[in-house]
Protein chains: 2
Amino acid sequence: MSDKYVFPAVTPLVASLPSTVPFTGPEAIERKTGHLFRARLGANENGFGPAPSVIEALKNSPNEVWKYGDPENYDLTNALAELYDLKPNELTIGPGVDSLLGVIVRQYIEPGDVVINSLGGYPTFNYHVAGFGGKLVEVPYLNDKADLQALSDAAHKYKAKIVYLANPDNPLGTWHNENAIEAFIKSLPETTLLVLDEAYGELAPKNELPAMSKLWPNVLRMRTFSKAYGLAGLRCGYAIGFSELINMFDKIRDHFSVNKMAQIAALQALADRKYLEEVIKKIETAKQQIVTIAGKNGLKTLPSATNFVAIDCGRDGKFATAVLNELIKRQIFVRKPFVPVLDRLIRVSVGPRKELDLFAEAFSYALIAADKG
Amino acid sequence: MSDKYVFPAVTPLVASLPSTVPFTGPEAIERKTGHLFRARLGANENGFGPAPSVIEALKNSPNEVWKYGDPENYDLTNALAELYDLKPNELTIGPGVDSLLGVIVRQYIEPGDVVINSLGGYPTFNYHVAGFGGKLVEVPYLNDKADLQALSDAAHKYKAKIVYLANPDNPLGTWHNENAIEAFIKSLPETTLLVLDEAYGELAPKNELPAMSKLWPNVLRMRTFSKAYGLAGLRCGYAIGFSELINMFDKIRDHFSVNKMAQIAALQALADRKYLEEVIKKIETAKQQIVTIAGKNGLKTLPSATNFVAIDCGRDGKFATAVLNELIKRQIFVRKPFVPVLDRLIRVSVGPRKELDLFAEAFSYALIAADKG
């Protein structure tokens, strides 16, 4: 009917974009299948949840929600600066890393500028690159790890404005240590910005990643409260870098975008170091459970410094996709990568024992069903 | 020290932008003065807060915050569609109107494109226009109301891509009725998008604004949970329009940006129609109190269809600024417009009786002090 109307024209760039959703939410699958998931192990959330002290702080805070949050995120910025031995102007807080990635791409990318990511790397970052007209160059993983040499070579070859590296990696879980990262940064053109997404940083083995006080003039480090801290639903992440880089965010960020409950919860989560240590152990135990479940089915897993484990289904992408679908049919939510080589994997996030037991049971049947299918 | 470093170059557009903050938060003033505000009446928040049923829902929801929110905002979208007799694809939810305004400007504006706003109109909208390189043309208010004829003339003259109109207006509080708005829309070029910001829409006199089911092919209507619903700190707003316009948001929006507690709170707030009616009455009473306070000081106020009242301090901008500063010195947070003609006003948001009494007391002294100063 509406072809009789004239609509105001969006920009040619926006007109050219598809209406992509980088990730379908588990809720959409539930609505489609008509069944609630029995285990939510697909979005790399932290099923152990935030600290009881954070839950308590949130329960005490609803009377504050009529107020806009502090646009400077002053308390949280200063708490993080103190924790990491940084200056407050070396940090900026945003409503989740996804949003910060968009703000970063907007800062550096004009249509046609080249951006490098691993092939099969974080889709939401690629979504932002496309959204600002960037030209994405994708570099295959090497032996299930980001190929630092090839990423650096591509940065030089294409005079890339940005290189994105998730370390620890998502969706693989593997990582490079401090020495490798430092050498990688040194190898990059100084005009190339490295977006070093360390969303899973708290879950890496101790002393494997560079100290948080470590900054480089062409690096923005990203951290979040969504993973180890168990606050994915509240949307709070931050970027760390030289103040000259951090200042740029204030030019275009949504100043009031971090919600008041996120500010309150994140501050309390930071203060509760004891719980963080405990939950890291729980996550370790859960990852070991996933490894064991895979092993019982004769399958190998990739090493993981995150809150998930990538299970190698041992055959091709078609088979692993069938396994995924059989799991979803059994109301177990997991996700998987779809690009070649990685597509043999399914990615299982940690969760409480009960949920992993449900996964274990369903997984054996799913492997059989996928084999028959 | 850092002049020895090379930093990756941001785009020329971003490089050209100042590090503006559209609004300084009251928290920043508190930190600067070293005193907490005794009354928070400056940010057009709703000091009566959300419904008790919403507070209850929030207290019951912290165990959900480890999960990402539904990226489709399905439940809230459908509840709004039902309430307003719209199709779900005629609505999109975002983390506050501020954020949605940024997404809209990004959709339509390329560097150099003209955008029209009232002179002294919403600064955060202008911030986004600058942020995407738009050229802002500002049209003076006429008799303390948006000058619809002049806005329309400017849209034609400059072939504007967007015209922004807050109705009811911020910072004035005045409004145009349905007939005037319909005539205004009819008068615009069909290639010009009208961003009709109705953040205060629930607070307008009944039947003054167009019914919510009313759509036009070149209009996006904006609504929020920050004002009447008392949820400013949770960040939740929405845009309404033809599905052809709403579809565009999915191309560039941050899909997971609406936080889980906002989704839960907004859904409950919508369901509690009784509280909404009650709080609208409380806001009316509070506005009448502000009018009375002004009157006792021999001052006039502008008519208001919002949750604030603009008091005409009766002299020039310098005097009104002095009054504002004297109020802040007395720990009363209010704001004021600074552009000529409007600059004679201070803007006082509603709040509970106790806070308005504090304002009343401080205001008399502030007027005397400003007069002496």
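The numbers here are math on the coordinates, done by the rules we state, and not lab data. Here the structure is a predicted model, which is why all the values come from computation and not from measurement. Cβ: placed from backbone, ideal geometry, glycine included. Neighbour counts: every protein chain shown.
For the residues of A:99-106, the average number of beta carbons from a partner chain within 10 Å of their own beta carbon is 3. B:Ile346 sits among other residues whose Cβ lies under 12 Å from its own Cβ, and their net charge, with Lys and Arg +1 and Asp and Glu -1, is +2. The alpha carbon radius of gyration of the stretch A:52-271, expressed as a multiple of 2.2 N^0.38 Å, is 1.00. Coupling constants for the stretch B:333-345 follow from the phi torsions by the Karplus curve (6.51 cos²θ - 1.76 cosθ + 1.60, θ = phi - 60°), and in residue order they are 8, 9, 10, 8, x, 10, 7, x, 6, 6, 6, 7, 9 Hz; glycine and proline get x.
When you restrict to C-alpha pairs under 8 Å that are six or more residues apart and normalise by the size of the stretch A:269-373, the relative contact order lands at 27 percent.
If you take every DSSP beta bridge fully contained in the protein assembly as shown, what fraction is antiparallel? Give it as a percent rounded to 5. Provide the component values of the computation, followed by the final result.
Values: 34 of 70 bridges.
Bridges in the protein assembly as shown are about 50 percent antiparallel.
Coupling constants for the stretch B:25-40 follow from the phi torsions by the Karplus curve (6.51 cos²θ - 1.76 cosθ + 1.60, θ = phi - 60°), and in residue order they are x, x, 4, 5, 5, 4, 5, 6, 7, x, 10, 6, 5, 8, 9, 9 Hz; glycine and proline get x.
What shape does the stretch A:82-151 take by its C-alpha gyration tensor, where a ≥ b ≥ c are the square roots of the eigenvalues and a/c under 1.5 counts as rounded, a/b above b/c as prolate, and the rest as oblate? Oblate, since a/c reaches 1.5 and b/c is not below a/b. With only the Cα atoms considered, the protein assembly as shown has a convex hull volume of 157 Å³ per residue. Close amide H pairs (under 5 Å, H built 1.01 Å from N) link B:Val137 with B:Val115, B:Ile116, B:Asn117, residues at least 5 positions away or on another chain. Computed on the stretch A:57-150, with alpha-carbon pairs under 8 angstrom and 6+ residues apart, the relative contact order is 20 percent. In this calculation the C-beta distance from B:Thr191 to A:Leu119 is compared with R0 = 35 Å, giving a FRET efficiency of 0.30.
Sorted shortest first, the separations between the B:Val6 label point and its copies elsewhere in the assembly read 5.0 nm; each point sits 7 Å from Cα along the Cα-to-Cβ line. By the rule of a C-alpha distance below 22 Å, with chain neighbours fewer than 8 residues away ignored, the lysines paired with B:Lys287 are A:Lys67, B:Lys145, B:Lys206, B:Lys227, B:Lys274, B:Lys296, B:Lys300, B:Lys336, B:Lys354. In a DSSP loop and with at most 14 other Cβ atoms within 10 Å, the GluC sites (Glu not before Pro) in the stretch B:171-231 are B:Glu190. Go ahead and run the numbers for FRET between B:Glu178 and A:Ala15, Cβ-Cβ distance against an R0 of 30 Å, rounding to 0.05. Taking R0 as 30 Å, the efficiency between B:Glu178 and A:Ala15 is 0.40. Residue-wise HN-Hα couplings along the stretch A:208-224, as the Karplus relation 6.51 cos²θ - 1.76 cosθ + 1.60 with θ = phi - 60° gives them from phi, are 7, 9, x, 3, 5, 6, 7, 10, 9, x, 10, 10, 10, 9, 10, 9, 8 Hz; Gly and Pro carry x. Each peptide in B:162-171, B:108-117, B:88-97 gets a packing score, the mean of other Cβ atoms within 10 Å over its residues, and the list from highest to lowest is B:162-171, B:88-97, B:108-117. Is the C-alpha gyration tensor of chain A telling us rounded, prolate or oblate? Criteria: a/c under 1.5 is rounded; beyond that, a/b larger than b/c is prolate, otherwise oblate. Verdict is rounded for chain A. Rounded to 0.05, the FRET efficiency of the A:His156 and A:Ser213 pair, given R0 = 22 Å and the Cβ-Cβ distance, is 0.15. So what's the back-of-envelope 222 nm ellipticity for chain A, counting only DSSP H runs of four-plus at -39500 (n - 2.57) apiece and dividing by all residues, rounded to 500? Mean residue ellipticity, 222 nm, calculated: -12500 deg cm²/dmol.
Structural descriptor for chain A: relative contact order 23 percent, calculated from alpha carbon pairs under 8 angstrom and at least 6 residues apart. Summing Cβ point charges (Lys, Arg +1; Asp, Glu -1) relative to the Cα centre of chain A gives a dipole of roughly 1020 debye.
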